[in-house]
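Novice: I have a structure I would like to understand better, so I am pasting it below and will then ask my questions one at a time.
The values are calculated or read from the model by the stated rules, or taken from the named source; none is laboratory data. Nothing here was measured: the structure is a model prediction, and the numbers come from that model. Glycine gets a Cβ as well: all are built from the backbone with ideal geometry, and neighbour counts include every protein chain shown. Note: areas computed on protein heavy atoms with side chains; ligands, DNA, RNA excluded. Shrake-Rupley method; radii C 1.70, N 1.55, O 1.52, S 1.80 Å.
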Amino acid sequence: GTQIKPVIVSKDKALIVDDSKALEEIEIIENTIPMKLAFIYPSKLVSKYAKSSMNTVLGYFDYKKIKYEIKVFDTLNEDVLNIENAFLSAKEQGYENIIALFTPNTMQVIHSIDTSDLRVYLPLASKRNIEFINENFIYGAISYEDQIKKLLEYSSSNNIMFYQSSFLGNKLKTLYETISPDVKLIKEIKKKKNDFKDIVKDNRLKNSTLFLNTPIVKTSILLSQLRSYDIQPKVILSTQINYNPKILTLTQVKDRSNFVLANSIDKVDDSLRDTISTFGADIQYNWVDYSTLVGINYLYDENESSLIQTHVLDNEVIYETRLLITTAYGFLEIK
């Protein structure tokens, strides 16, 4: 049987989605025409994104003083029948605007079901990976491919990559191997290991272009140990995966002296950012939250708002990739 757990939120209240399923209601100011929105997601797969993604929507509504009604459909997993029934239920109940927080693995399923008369925003999906585009879909994922291409402008002929095996790590590894013309060495960084002496003490790393497809903690350890063992790549590169202020606290400035990051999150109105932050979301460093913000802004007033610089064109969010270095105080864009 189908397992869908709908939760309705009145247009006078806001919903905070919590992993424990506890719901907290917060008063909002009534104003403007109500907007009906369905939020559909599989909690067993994306619960760590769903809470802050929903909070981004609520913060946006609160800032805009929008009267709204949200209904949350938890499909639990990405079972075909569950997804079909969630979309059908949303449609039957008059929810024409949908935020669907599903992984790229389900895109074929979502594209095969009846979503006519709906506007569907997909924060985690990329248009370029879809064979058949639905004209009523908006694809909101950042492009790691664009980030890697931009970063490789700094590449020398001696390209080396460290990666950690995970869904994202393997995806980045494949993209890197496809885009980079000449990879000399690839090393896997094990999840349960924190001493990388045997990996970093390698003369082949000296004067190399080292690409780190590793999460923030492992990246910090690697940066520290490279300097500790006096192994100096010419430049160390990383994607959005390490655009996080934790990198500033987990490493020393000298560890990051030749570290270049890619970032696709653009600046937004300060007061909007602060409002969303009070709801527990992070549109400054969390790209899923930022993508959700772009999506709800587009669903509400398309590209009319000046609050957000990132726009939608031809059913796709157009992100501008910027390269950054780190300083003692934060991130600095390379002009």
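Novice: To the nearest 10 degrees, how steeply does helix 43-64 sit against the main Cα axis of the chain, on a 0 to 90 scale?
Specialist: Result, in degrees: 70.
Novice: What percentage of the solvent-accessible surface of the range 205-335, computed with a 1.4 Å probe over protein heavy atoms, is contributed by carbon and sulfur atoms?
Specialist: Answer for the range 205-335 is 46 percent, counting heavy atoms of protein chains only.
Novice: Turning to a different aspect of this structure: Counting only DSSP beta bridges with both residues in the chain, tell me the antiparallel percent, nearest 5.
Specialist: Looking only at bridges with both residues in the chain, the antiparallel portion is about 35 percent.
Novice: So, with a 1.4 angstrom probe, what is the percent of accessible area on the range 85-192 that is carbon and sulfur? Intermediate results must be reported in sequence, preceding the final value.
Specialist: Details: 2390 of 5090 Å².
Carbon and sulfur atoms account for 47 percent of the accessible area of the range 85-192.
Novice: Let me ask you something else. Using the Cα gyration tensor of the range 36-123, with a ≥ b ≥ c the square roots of its eigenvalues, what is the shape: rounded (a/c below 1.5), prolate (a/b larger than b/c) or oblate (neither)?
Specialist: Working: a/c = 2.06, a/b = 1.32, b/c = 1.57.
In terms of gyration-tensor shape, oblate.
Novice: Give me the number: length gained by fully extending residue 149 to residue 270, i.e. 0.36 nm times residue separation minus the C-alpha to C-alpha distance, one decimal in nm.
Specialist: On the way: separation 121, 0.36 × 121 = 43.56 nm, distance 3.02 nm.
Gain on extension, residue 149 to residue 270, equals 40.5 nm.
Novice: If you average 1/r across every pair of different Cα atoms in the chain and take the reciprocal, what Kirkwood value do you get, in Å? Could you put the intermediate results ahead of the total?
Specialist: Numbers: mean 1/r = 0.0472 Å⁻¹.
The Cα-based Kirkwood calculation yields 21.2 Å.
Novice: May I pose another question? Rounding to the nearest 10 and keeping the result within 0 to 90°, find how far the Cα-based axis of helix 167-179 lies from the longest principal axis of the chain.
Specialist: Roughly 60 degrees, rounded to the nearest 10.
Novice: If each of residue 92 and residue 112 carries a label point 7 Å out from its Cα toward its Cβ, how far apart are those two points in nm?
Specialist: With each label point 7 Å from Cα toward Cβ, the separation is 2.2 nm.
Novice: Here's something else I'd like to know. Build a GNM of the chain with springs between Cα atoms under 10 Å: which of 192, 71, 254 gets the top mean-square fluctuation?
Specialist: In this elastic network of the chain, the residue with the biggest mean-square fluctuation among 192, 71, 254 is 192.
Novice: State, to one decimal in nm, how far the label point of residue 103 lies from the label point of residue 207, with both points 7 Å from Cα in the Cβ direction.
Specialist: Label-label distance for residue 103 and residue 207, simple model: 4.3 nm.
Novice: Given an 8 Å cut-off on Cα distances and at least 6 residues of separation, report the relative contact order of the chain as a percent.
Specialist: After rounding, I find 17 percent.
Novice: Take peptides 205-213, 98-106, 286-294, 74-82 and line them up by average Cβ neighbours within 10 Å, highest first, as a rough protection proxy.
Specialist: Packing proxy ranking, top to bottom: 286-294, 205-213, 98-106, 74-82.
Novice: How large is the accessible surface per residue of the chain, computed with a 1.4 Å probe and reported in Å² as a whole number?
Specialist: Solvent-accessible surface per residue comes out at 46 Å².
Novice: What does the C-alpha gyration tensor say about the overall shape of the range 185-335? Classify as rounded when a/c is under 1.5, otherwise prolate if a/b is larger than b/c, or oblate.
Specialist: Prolate, since a/c reaches 1.5 and a/b exceeds b/c.
Novice: Could you calculate the FRET efficiency of residue 136 with residue 277 from 1/(1 + (r/R0)^6), where r is the beta carbon distance between them and R0 is 41 Å, rounded to 0.05? Before the final figure, lay out the partial values.
Specialist: Numbers: r = 32 Å, r/R0 = 0.77.
E(calc), rounded to 0.05, equals 0.85.
Novice: If you line up the long axis of helix 80-92 against the longest principal axis of the chain, both from Cα atoms, how many degrees apart are they, to the nearest 10?
Specialist: 50
Novice: I've got another one for you. For the range 267-335, what class follows from the C-alpha gyration tensor (a ≥ b ≥ c being the square roots of its eigenvalues): rounded when a/c is under 1.5, otherwise prolate if a/b is larger than b/c, else oblate?
Specialist: Judged from the Cα gyration tensor, the range 267-335 comes out oblate (a/c at least 1.5, b/c at or above a/b).
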